[in-house]
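Derivation of every value follows stated rules applied to the coordinates shown; laboratory data play no part. Note that this is a predicted model, so its numbers are computed, not measured. When we count neighbours, we look across all protein chains shown, and the Cβ atoms used for this are built from the backbone with ideal geometry, even at glycine.
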Amino acid sequence: MGKMTKTGWATLIGMVALAILPPYFLLTGQAFYMDLATRLVILGIAATSLNLILGYGGMVSFGHAAFIGLGAYAVGITSYHATWGGFDLIASYNGLLQLILALSISAAYALVTGAISLRTKGVYFLMITMAFGQMAFFLFQSLDVYNGDDGLTIDVRSELPFINLDSPMQLYILCYISLVVAMLLVKTIVNSRFGMVLQGAKDNNERMVTLGYNTYFYRLTAYVISGVMCGYAGFLLGNFTTFISPAMMHWTRSGELMFMVILGGAGTALGPILGSSIFILLEEALSSITLYWHLPFGVILIVVVMFVRGGLMGLFKGKGE
Amino acid sequence: MDYTLLFTQVLNGLQLGLLLFLVASGLTLVFGILDFVNLAHGSIYMIGAFICASLTLLVGNFLLAVLIALPLTGLVGYVVERVVARKLYDKDHLDHVLGTFGLVLVLDTTAQIIWGPAGITVPLPAWLNGQVELFDGARIPSFRLLIIGTGLAVAGGLFWLVNYTRLGMLIRAGASNRTMVSALGIDIQFLFALVFALGAVLAGLAGMLISPITGTSIGMGGQIIITAFVVIIIGGVGSMKGAFIAALLIGLIDTLGRSFLDKLFALVMSENAAETAAPAIAAMMIYILMAIVLVVKPQGLFPPKVR
Amino acid sequence: MAPLLQVKGLMKSFGGVTATDNVDLDVIKGEVHAIIGPNGAGKTTLVSQLSGALKPDAGAVSLNGSDITYKPAYKRAKLGITRSFQITSLVMGMSVLDNVALAVQANDGHSYRFLKPARKISHIRDKAMETLIKVGLHKRANEATSALSHGEHRQMEIAIALASEAELMLLDEPMAGLGPEESALLVAFLKELKGQRTILLIEHDMDAVFALADRISVLVYGQIIATGLPDEIRSDDAVRHAYLGEE
């Protein structure tokens, strides 16, 4: 395994804690903490996917929540039709089918929107991804068949071989293992030849192009990989909450995801899960104090941006520039 | 072909477009001149609407309420500029987005605390509530005429301000060369605060004008901001002319799409399919337009010349 | 013998300013061809059109007989053109070795490879190290690029240009900001490269130019006013006027 750095140890300890504590809580009757942890882990997967393109690729996407929604609706819509009929082609409780649907739709959406958005950069890229995210939001909001804004509740979770998703413990184990796989996947990609090109392009695109790399396609590939991983997180989330609504795709959700990645440490392995933990714990702590927890949350965000030297973006670009 | 319906929908589209222009103009002014990306612009639009709504109920007169609410909204804009925006100018665009995102949460939640989660219905005086008949069968609510008139007047005023006044010249100069303008003895900080407040007033006015039709709601800011961004992306960031044309284009396409797309679709597919597909595609139309523009002209239709 | 690089009638304007005015130029394989000219003559604009960073308004550029006028920059790199930058352009967040390795990697097939850690691919790392040894930077191989001096950054630019194995090297003011000792070292190094690569050298430093160039072209206000052997250029009236008249 080679030398373990401090962050390496911190990651290991954090992951072990996540492996042991939530099941412990469930078994001692405090299912609430298991729920919290499940949500934390699922958002951690989404944040990990965003970290690939944002932290390592320099693509600041403000529309990533759309993938969560797409993955969740893949479960929701197929399950809905299996229960209520109306569209036999996609009616199914079969988890593998739903998973393939979730991943393919995420890939297609990422390919199309990424191909267009990546023609721009910086804040223009951000605005365009935000617009596409809202497009997905409005699309699902307009589908009266699936209750539009009011959202969809599914009666039956995805049926997967060997795993019963109705058991909170088994669902959590699936999510946890998925997180570990996601983190390892991102780490492998980042250190590969592909990852070198991606990171080089984030740091100095002109230099990379001069060397002969068509950075547009490398970025697009990363964007699709990231979208598919995030769609998978949506698949898990849909199964966890059994309630799927367009609100999952609203641009403010994307903003929260972005904050998780940046606050936790963009471009680090531990960052995303740290960020999602901070977010979930902050959300819990603040909402137990007041119904209007978004207010202190917003203030914290503003203060952090204002007073971190060089801004948060400076933190994440920091190393080289 | 129902020409009366077409005509009224075109007018509705123009009205929506002009309101969008009011919002987008402030956004593009602030982005073009202050080089500041303000996600919270939509929240100011909402706050303007709520202030006006409350005042209307208090004072009993919509127009009077608007007159009082406009400077109040400008004040809100000024405070936001002083307390938050000013500290962020020197930072990256992306920090602007993150910071103003936090601001959106703060402003939207504050509004919810003050006015509650439900919106306010804004009553109009009788003379504005009526209808005007333009030609045989084409009736349009007088209020919508007022909106269109106001929108065009403001657009004209802005055009005159930016191109023919000393203030406008300073605004345009300030964008390209801050140090030189301040070397001329002009207070850049004050100028920027003024532009910011102007943007707030414009957004607030749009909110005030739309609320008698749709009512006010806490989420209205979050919804309009993205559309405003789409307008300035299509029009070209920093361009007033681009914002005007793009806003009208979007207003028309969105309105006409929602009205006529299902009939169009019904020509080529079953009525059932058309009924589901049409609202879905209509909802996505302006984004499809944005995508097309970006493929053909990534800087937008009328990008301002690089000075 | 057909020239390696041939430029015909190149034109580029920005607003009202004509930066490149009907430029004809050819570069023969194996030569060092220097471009000199007063400040503001449009040298970097010209290089940018050759490397693909800028698109010309009119005219043609061809490499080895095939037209590359509107080909994007990354394609030209594959065809054998590499460029160093007047203001050094390096991946600051990576190590010195990483930077050169990226250049080597670019010539080692496509990089849509996701599994093996790039820093452990020995044939790439070894080749990169070899190049660093050639330019004398091997002792700094694992340091962060941001920690190096300006002169060392310039050396890195040369190392990267070497590692990319491109036949045509466009060097945009490689001596800029170097002290006399460092300049002399770089000149000596480039002298050794002569014949192995083709170099189009943009330079202000006249000592370096006359020490290295096989031919010189003079660019003034976007136009080539003279092309020839160093001695011819030295004694050309128009050139003297352009330089001495300006300075």
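Relative to the longest principal axis of the Cα atoms of chain B, the long axis of helix B:240-266 makes an angle of roughly 20 degrees. Taken one residue at a time, the phi angles of the range B:101-118 give Karplus couplings (6.51, -1.76, 1.60, θ = phi - 60°) of 5, x, 5, 4, 4, 4, 5, 5, 5, 4, 4, 5, 5, 6, 9, x, x, 7 Hz. Gly and Pro are set to x. When the Cα positions of B:A85, B:T227, B:A24 are compared along the charge dipole of chain B, B:A85 comes out farthest toward the positive end, with charges on each C-beta of Lys, Arg, Asp and Glu. The range C:98-137 and the range A:21-52 have Cα centres lying 40 Å from one another. Along the axis of the charge dipole computed for the range A:121-264 (Cβ charges of +1 for Lys and Arg, -1 for Asp and Glu, origin at the Cα centre), the listed residues A:V228, A:P161, A:L211 are led at the positive end by A:L211.
Per-residue mean of foreign Cβ neighbours for B:223-234 is 4 (Cβ atoms of other chains, 10 Å radius). Model label sites at C:E192 and A:L21, defined 7 Å from Cα along the beta-carbon direction, differ in position by 5.9 nm. Here the calculated FRET efficiency for C:N22 and B:M169, from their Cβ-Cβ distance with R0 = 41 Å, stands at 0.60, rounded to the nearest 0.05.
If you place +1 on the Cβ of every Lys and Arg, -1 on the Cβ of every Asp and Glu, and leave all else neutral, what size is the dipole of the range B:3-218 about its Cα centre, to the nearest 20 Debye? Could you put the intermediate results ahead of the total?
Values: 9 positive and 9 negative charges, 49 e Å.
It comes to approximately 240 debye.
Placing a label point 7 Å from the Cα of B:T110 along the Cα-to-Cβ direction, the residues of the range B:16-58 with a backbone N closer than 18 Å are B:38-55. In units of the rule-of-thumb radius 2.2 N^0.38 Å, chain A shows an alpha carbon radius of gyration of 0.98.
When restricted to Cα atoms, the protein assembly as shown yields an Rg and a Dmax of 30.5, 96 Å, respectively. A Cβ-based charge dipole, computed about the Cα centre of chain C with Lys and Arg at +1 and Asp and Glu at -1, lands at about 1320 debye. Taking the C-alpha atoms only, the angle from helix B:188-214 to the longest principal axis of chain B is near 20 degrees.
Among residues other than C:Y112 with Cβ under 13 Å from its Cβ, the summed charge is +3 (Lys and Arg +1, Asp and Glu -1).
Per residue, the convex hull spanned by the Cα atoms of chain C measures out at 138 cubic angstrom. Two numbers describe the Cα atoms of chain B: Rg and Dmax, which are 20.0, 68 Å. For chain B, the longest principal axis of the C-alpha atoms and the axis of helix B:166-176 are separated by about 80°. Long hydrophobic helices in chain C, taken as whole DSSP H segments with a C-alpha length of 15 Å or more on their own axis and mean Kyte-Doolittle hydropathy at least -1.0: C:96-106, C:122-135, C:150-163, C:180-193.
In the range C:181-219, which residues have a backbone nitrogen under 20 Å from the label point lying 7 Å from C:K139's Cα in the Cα-to-Cβ direction? It comes to C:181-189, nothing else. Where in chain A are the DSSP H helices whose alpha-carbon span along the long axis reaches 18 Å or more and whose Kyte-Doolittle mean is at least -0.5? Once both thresholds are applied, what remains is A:6-27, A:31-54, A:65-84, A:95-117, A:122-141, A:168-191, A:215-241, A:251-265, A:271-289, A:294-307. Extension gain, A:V299 to A:N164, is 44.5 nm, computed as 0.36 nm per intervening residue step minus the present C-alpha separation. Using the average count of surrounding beta-carbon atoms within 10 Å as a protection proxy, the listed peptides B:193-203, B:119-129, B:283-293 rank, highest first, as B:193-203, B:283-293, B:119-129. With kT/(6 pi eta Rh) evaluated at 20 °C and eta = 1.002 mPa s, and Rh the Kirkwood radius from Cα pairs, the range A:134-266 diffuses with a coefficient of 122 µm²/s according to Stokes-Einstein. Largest mean-square fluctuation among B:V23, B:V231, B:V162, in a Gaussian network model of chain B whose springs join Cα atoms under 10 Å apart, belongs to B:V162. Where is the GNM fluctuation largest for chain C (alpha-carbon springs, 10 angstrom cutoff): C:K116, C:K75, C:K55? Result for chain C, Cα springs under 10 Å: C:K116 fluctuates most.
Taking every residue in A:286-299 and counting other chain Cβ atoms within 10 Å of its Cβ, the average works out to 4.
Modelled spin-label separation between C:D126 and B:I186, with each label point placed 7 Å from Cα along the Cα-to-Cβ direction: 6.6 nm.
Taking the Cα centre as origin and putting +1 on Lys and Arg beta-carbons and -1 on Asp and Glu beta-carbons, what dipole magnitude results for the protein assembly as shown, to the nearest 20 debye?
780
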